[in-house]
There are 6 protein chains.
Amino acid sequence: MDKAAAGWKKIEELAGEPGIQSMKAVEEFSPRLAQLALEFGYGDVYLGEALDLKQRALITLSSLITQGDQGRGLTYHFKAALRVGVTKEEILEVINHCSAYAGFPKAIHALHVFKEALENA
Amino acid sequence: MDKAAAGWKKIEELAGEPGIQSMKAVEEFSPRLAQLALEFGYGDVYLGEALDLKQRALITLSSLITQGDQGRGLTYHFKAALRVGVTKEEILEVINHCSAYAGFPKAIHALHVFKEALENA
Amino acid sequence: MDKAAAGWKKIEELAGEPGIQSMKAVEEFSPRLAQLALEFGYGDVYLGEALDLKQRALITLSSLITQGDQGRGLTYHFKAALRVGVTKEEILEVINHCSAYAGFPKAIHALHVFKEALENA
Amino acid sequence: MDKAAAGWKKIEELAGEPGIQSMKAVEEFSPRLAQLALEFGYGDVYLGEALDLKQRALITLSSLITQGDQGRGLTYHFKAALRVGVTKEEILEVINHCSAYAGFPKAIHALHVFKEALENA
Amino acid sequence: MDKAAAGWKKIEELAGEPGIQSMKAVEEFSPRLAQLALEFGYGDVYLGEALDLKQRALITLSSLITQGDQGRGLTYHFKAALRVGVTKEEILEVINHCSAYAGFPKAIHALHVFKEALENA
Amino acid sequence: MDKAAAGWKKIEELAGEPGIQSMKAVEEFSPRLAQLALEFGYGDVYLGEALDLKQRALITLSSLITQGDQGRGLTYHFKAALRVGVTKEEILEVINHCSAYAGFPKAIHALHVFKEALENA
C-alpha cells in the first residue's frame with residue numbers, strides 16, 4: 001500500500017466519513033497540500049509504533065490548545081479523539097491540564113469549541 | 001494534607017530531589033509564584049483522576065514543544081516524563097508527532113534539548 | 001470566605017452579572033475547569049496586593065492581544081477593563097502600544113473586537 | 001509627500017479601494033492606530049528598496065500563517081498578494097511550505113481562508 | 001525635535017546609557033531597523049498621552065512574557081520598568097498574573113530572567 | 001532517486017556540508033525524525049515548482065522570526081538564505097518588514113542572531 005492510501009485509511013480510522021469529506025475538500029482546492037497531509041501527516045507520522053492512537057490524540061489536542069487553534073482543527077481532533085477511545089472526561093482533563101501550561105484563555109476557548117463539537121456531533 | 005504539601009509531594013514524585021531544589025529556588029526569589037505553582041499547578045491540576053501521570057507527561061511535553069519553550073521547562077519535563085515511566089522511544093515519538101502539528105523548527109529544537117537532558121542526567 | 005467564594009466575588013467585581021453567567025456556563029459543562037478558574041485564576045491570583053485592578057486589566061489585555069486571542073477572552077476583558085475604570089482612550093492606547101511589541105495584525109484584530117464589544121455593550 | 005500620504009498611496013497600490021475603506025474604518029474608531037499603521041506600517045516599512053512588493057507579500061503571508069491570524073489579516077493580504085502579482089499557485093505553495101515550518105493546522109486554516117477570499121473576491 | 005531625536009531621548013529616559021549603547025549596536029549593523037525602532041517604536045508610540053511610562057512598562061512586560069521572549073527583550077524591559085518606577089514587587093506580580101493568562105512555563109522562565117537581570121544590574 | 005536521497009541533495013544545496021553534518025547529528029539521535037525531515041521537509045516540500053529557493057528562503061525566515069525561534073533554526077536558515085542567493089541587504093529587510101508584522105522584540109532578536117551567524121560564518 002502506498003503512503004497516500006495509508007493516509008486515507010488513517011483518516012477513516014481517526015475521523016470516519018466526515019474526515020474523508022474534509023480532506024477531499026482540501027484536495028479539490030489544493031491537491032498538493034492534501035498529498036503532503038496524507039503522505040506525511042497521516043501516512044508517515046502515524047505509522048510510528050511507539051505511541052498508540054489514544055496517546056497521539058492527547059498530544060494533538062495539547063498542541064492545538066496551546067497554539068490557540070481557531071476551532072476547525074480543534075473540532076476535527078476533539079471528534080477524532082472520541083472516536084479512537086479518549087473519553088469525554090479525559091478530554092476535559094486535557095483542557096484542565098493545559099490551563100496551567102498554556103493559560104486560561106486558551107483552555108476556556110477550547111472548552112467552548114469542545115462543547116459545540118459535542119452538540120453538533 | 002493541605003494543597004501546598006500536596007504540591008511538594010507531586011513535585012517529588014514527578015521530578016525528585018532536583019525538582020524540589022528547583023522549586024525552592026523559585027520560592028526563595030518569589031514565594032508567591034512558588035505558592036501558586038505548588039497549590040494550583042502541582043496541587044489542584046494533578047489531582048484530577050481522569051488522566052494518569054504518563055498521559056499528563058505527554059500532554060505537557062506537547063504543550064512545551066508547541067509553545068517553543070526555551071529549554072528550562074522542556075529539560076525539567078523531559079526528565080519528569082522519564083521518571084514517571086514514559087520511555088525514551090515514546091518521547092522521541094512525541095517530538096516526531098509535533099513536527100506535523102507545530103512544525104519542524106520546534107521539533108528539532110526540542111530534540112536537541114532532549115539530547116542534552118539525557119547527557120546531563 | 002473560601003477561595004471559590006472569593007473567585008465568584010472577584011468575577012462580579014470585574015465583569016458583573018454577565019461575567020457570572022459566563023462562568024456558570026463553563027461550570028455546567030466542566031465543573032472542574034470552573035473550580036480551577038475560580039479558585040486559582042480569580043481567587044489566588046487577584047488576591048495579590050502589589051497590583052490594583054486597573055493595572056491587572058492592562059496586563060491582561062496585553063497578554064490577550066499578544067497571544068492572538070480569538071475574541072471571546074478579549075471581549076470579556078475589554079468590558080471588564082472598562083468596568084474597573086480603564087478608560088476607552090487607555091484601552092485604545094494599549095492596542096497602539098501592542099502594535100510595536102506584537103505587530104499590527106494582532107493590534108488591528110483587537111481593535112475590531114473592541115469596537116464590537118462597545119457596540120454590543 | 002508626507003508619510004501618511006505615502007501610506008495611503010501604498011495601501012491603494014496593495015489593496016485598492018477596499019483596502020482604503022478598511023483603513024478608513026480603523027481611522028474612524030482609532031485615528032492614532034490608523035496614523036501609526038499608515039506612517040510606519042505602510043509608509044516607512046514599504047519604502048525599503050531591498051525587497052519588492054511580491055517578495056514582501058510572501059513574507060507577510062508567511063508571518064500571518066505562522067502567527068495563526070484569525071482571518072481578517074490573512075484575507076486582506078491574500079487579496080493584496082494577488083493584486084501585486086503573486087499568482088494563486090505561488091500562494092498555495094506558500095501555504096504548503098508553511099506546513100513544514102508552522103505545522104499543518106495553521107496551513108489548513110490558511111487554505112480555507114484563502115479559498116473563501118477567492119470566492120468573495 | 002524630529003522623531004529620531006525624540007526616540008533617542010525616550011530610550012535614555014527608559015533605559016539610560018546602557019539602552020543607548022544597545023540601540024547603537026543595532027544601528028551599527030542595521031541603520032534602518034534602528035531608525036524604524038527609534039522613530040516609530042520609541043518616537044511615535046511613546047508619544048501617546050493616554051498611558052504613562054509605568055503603565056506602558058506593565059503592558060510591555062506582559063507582551064514579552066506572553067510571547068515567550070528569549071531573554072534579551074525581557075532583560076532590557078525589566079530594567080527599564082524599574083527605572084521608570086515600577087517596583088520589584090509589582091514586577092513579580094506581573095509575572096504571577098501572567099501565570100494564569102499565559103501559563104506557568106512562561107512565567108517561570110520570566111522569573112529566572114528577572115532574577116538574572118537584578119543580579120547583573 | 002528516492003525521497004530521502006532527494007532530501008539529502010536539497011540539504012547540500014541549501015546548507016552545504018555543515019547542513020549535512022547537522023542533519024546527521026539529528027539522524028544519529030533520532031533516525032525517524034531525520035527521515036521525516038528529509039523525506040517530507042526537504043524532499044516533498046522543496047519539490048514544488050511554484051516557488052524558487054530564494055522565495056522559499058524569505059518565507060522560511062519570516063516564519064522563524066514570527067515564531068520566535070530560539071536561534072538554532074534562524075542561524076541555519078540565515079546561512080542557507082545567503083547560500084541560495086538572498087543578499088545580506090534583503091535579509092535585513094525581511095527583519096525590518098517583520099518588525100511591523102510580528103513586533104520589534106522578535107525583529108531585534110533575529111537581528112542579533114543574524115549578526116552572530118555572519119560573524120561565525
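Here are some notes:
- Of residues in the stretch C:4-25 being more than 12 Å from the chain's Cα centre (by Cα) and of a type in the set (K, R), the one surrounded by the fewest Cβ atoms within 10 Å (Cβ to Cβ): C:K24
- D:A57 touching a helix residue (DSSP H, G or I) at 6+ places or on another chain (Cβ under 9 Å) and surrounded by fewer than 16 Cβ atoms within 10 Å (Cβ to Cβ): no
- Evaluation of C:E49 against (1) within 10 Å of chain E (Cβ to nearest Cβ); (2) in a helix (DSSP H, G or I); (3) surrounded by fewer than 15 Cβ atoms within 10 Å (Cβ to Cβ) (one fails), failing number: (2)
- Residues in the stretch A:46-80 that are hydrophobic (A, V, I, L, M, F, W, C) and over 13 Å from the mean Cα position of the chain (by Cα): A:L47, A:A50, A:L51.
- Filter result for the condition that a residue is closer than 30 Å to C:N96 by Cα and either more than 7 Å from chain D (Cβ to nearest Cβ) or modelled with pLDDT of 95 or more (or both), over F:A37, F:A100: F:A100
- Summed over the stretch D:96-121, residues that are open to solvent by less than 20 Å² (accessible area, probe 1.4 Å) and within 17 Å of the chain's Cα centre (by Cα) total 7.
- Residue satisfying all of: in the stretch E:81-95; under 14 Å from the mean Cα position of the chain (by Cα) and not in a loop (DSSP other than H, G, I, E, B); surrounded by the most Cβ atoms within 10 Å (Cβ to Cβ) among these: E:V94
- Annotation note: of C:E89, C:E119, the sole residue that is of a type in the set (D, E) and away from chain E (no Cβ under 11 Å) is C:E119.
- So C:R32, is it at negative phi and at the interface with another protein chain (Cβ under 7 Å from one of its Cβ atoms): yes
- The single residue among D:E89, D:E49, D:E28, D:E93 that is charged (D, E, K, R) and at pLDDT below 95 turns out to be D:E49.
- For D:A121, the conditions (1) small (G, A, S); (2) outside any helix (DSSP H, G or I); (3) in the same structural domain as D:A4 (by TED's automatic domain parsing) are fulfilled apart from (3).
- Among residues of the stretch A:60-73 being part of a helix (DSSP H, G or I) and without any contact (Cβ under 8 Å) to a residue 12 or more places away in the chain, the one that is most open to solvent (accessible area, probe 1.4 Å) is A:R72.
The values are calculated or read from the model by the stated rules, or taken from the named source; none is laboratory data. Small disclaimer: the values here were computed from a predicted structure and weren't measured. As a convention, Cβ positions derive from the backbone with ideal geometry for all residues, glycine included, and neighbour counts pool all protein chains shown. For the accessible areas, the whole protein counts, side chains as well, though only heavy atoms, and no ligand, DNA or RNA atoms are used. Shrake-Rupley method; radii C 1.70, N 1.55, O 1.52, S 1.80 Å.
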